[in-house]
1. Which residues, counting only those in region 86-112, are touching a residue at least 40 places away in the same chain (Cβ under 8 Å), surrounded by fewer than 20 Cβ atoms within 10 Å (Cβ to Cβ) and assigned to a loop (DSSP other than H, G, I, E, B)?
2. Condition first: under 15 Å from the mean Cα position of the chain (by Cα) and in a helix (DSSP H, G or I). Now tell me which residues in region 285-300 satisfy that.
3. Can you give me the number of residues within region 50-74 that are under 19 Å from the mean Cα position of the chain (by Cα) and over 18 Å from D280 (Cα atoms)?
4. Condition first: more than 21 Å from P43 (Cα to Cα) and either assigned to a loop (DSSP other than H, G, I, E, B) or in the same structural domain as E311 (by TED's automatic domain parsing) (or both). Now tell me which residues in region 165-195 satisfy that.
5. Which ones in region 158-207 are out of contact with any strand residue (DSSP E or B) (no Cβ under 8 Å at 6 or more places or on another chain) and among the basic types (K, R)?
6. For residues in region 143-155 being surrounded by fewer than 22 Cβ atoms within 10 Å (Cβ to Cβ) and hydrophobic (A, V, I, L, M, F, W, C), which is farthest from F308 (Cα to Cα)?
7. Can you tell me which residues in region 196-245 are part of a loop (DSSP other than H, G, I, E, B) and of a type in the set (V, I, T)?
8. Go through (1) assigned to a helix (DSSP H, G or I); (2) over 21 Å from A299 (Cα atoms) for A81 and report which single condition fails.
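The values are calculated or read from the model by the stated rules, or taken from the named source; none is laboratory data. A quick note: this is a predicted structure, and the numbers were derived from the prediction, not measured. As a convention, Cβ positions derive from the backbone with ideal geometry for all residues, glycine included, and neighbour counts pool all protein chains shown.
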Amino acid sequence: MHVLTRRFLCAALALLTALLAPWPALAQAFPSKPIMLVLPFPPGGSFDPIMRALGNAVAKELGQPVVLMHKPGAGGVTGTAGLATMTEADGYTLALMHNSVIRQPLLTKVNWDPLKDFTYVIGLGSLSTGIAIAADAPWKTLGDLLADAKARPGIISWGNVGGISANRIYAERLARSAGVKFNMIPFKGGSEAFTALIGGHLDVYGDPGFGAMASAGKVRLLATMTEQRLQRWPQVPTLKELGHALVVQSAIGLVTPRNLPPAITERLHAAFRKATEDPDYRRLCNEFDMAPALLDPAAYKAYAQAQFVREKTMLDEIGFKPE
């Protein structure tokens with residue numbers, strides 16, 4: 001047999017063997033190169049240190065580096081949504097998933113479906129939303145703030161990340177229930193918003209990520225939008241305690257493009273789940289008030305499906321009409 005022919009047949013046989021290999025064999029070979037983790041927010045926010053610590057821990061489990069890639073836009077939607085239109089699902093590109101991405105098709109026309117176009121890998125936890133003001137702001141309680149807002153309708157500024165985030169919607173619901181009006185200001189990311197808040201260019205910020213700033217004494221918390229008082233901030237009441245039945249669910253996790261092979265999904269899930277035990281990761285979650293809530297791929301997908309229904313109900317309640 002001619003040497004070239006024999007080499008061609010050997011190469012073809014090797015390719016066929018790889019294609020016919022069982023999923024576990026493919027998973028054992030994965031990963032063979034660095035993994036990219038897309039963060040859909042600008043640099044400098046609370047997700048940076050948390051995801052960097054998680055990525056470092058996962059790299060030890062997988063034997064390949066995890067590279068953070070910032071792709072901000074549309075209130076944290078653009079970067080993650082970019083995976084929905086990718087045709088190749090090989091496990092080398094993941095993105096941070098959060099409720100704004102699940103909500104987006106209810107707000108405007110998009111060419112992707114959050115329930116069909118992603119592989120849900122792991123649910124990581126839930127961010128805690130707080131109502132923060134600068135340390136030297138005049139209001140001592142949420143009641144003080146609402147009374148001032150009633151006296152000066154539309155004057156006090158309230159910031160959130162994204163124009164139509166859950167925290168923005170709940171802020172509007174709080175204002176409506178209290179009979180007041182705030183000047184709502186959208187920001188691209190938490191770092192930008194906290195800079196404005198501390199610098200006196202923003203009055204109130206109602207989003208997660210306040211932990212480090214509050215610990216440093218740069219901001220004060222008037223209330224949280226959580227089910228119960230936070231362990232780190234036992235003196236801060238919840239909105240429910242103050243008579244406003246508003247609790248924000250801000251679950252986050254990781255997704256890849258759709259149709260990721262099941263064995264690679266499980267390999268990634270196991271590695272990230274193990275990485276959540278890393279002391280640095282846990283410390284930063286506590287510092288930025290992210291409560292761990294691990295979900296396997298099936299449970300995380302079920303959460304997304306249920307959250308989509310909850311988001312639609314919430315938007316219907318405030319009379320929102322999609323663009």
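1. M86, T87, E88, A89, D90, Y92, T108, K109
2. Residues of region 285-300 that are under 15 Å from the mean Cα position of the chain (by Cα), as a first pass: 285, 288-295, 300.
Matches in region 285-300: C285, Y300.
3. Here the count works out to 6.
4. G179, V180, K181, F182
5. R173, R176, K181, listed by residue number.
6. Just the residues of region 143-155 that are surrounded by fewer than 22 Cβ atoms within 10 Å (Cβ to Cβ), to begin with: 143-144, 147-148, 150-155.
Narrowing further to those that are hydrophobic (A, V, I, L, M, F, W, C): 147, 151, 155.
Details: A147: 34, A151: 37, I155: 33 Å.
Among those that are surrounded by fewer than 22 Cβ atoms within 10 Å (Cβ to Cβ) and hydrophobic (A, V, I, L, M, F, W, C), it is A151.
7. Of the residues in region 196-245, the ones part of a loop (DSSP other than H, G, I, E, B) are 199-203, 208-210, 216-218, 225-237, 239-245.
Scanning region 196-245 gives T226, V236.
8. (2)
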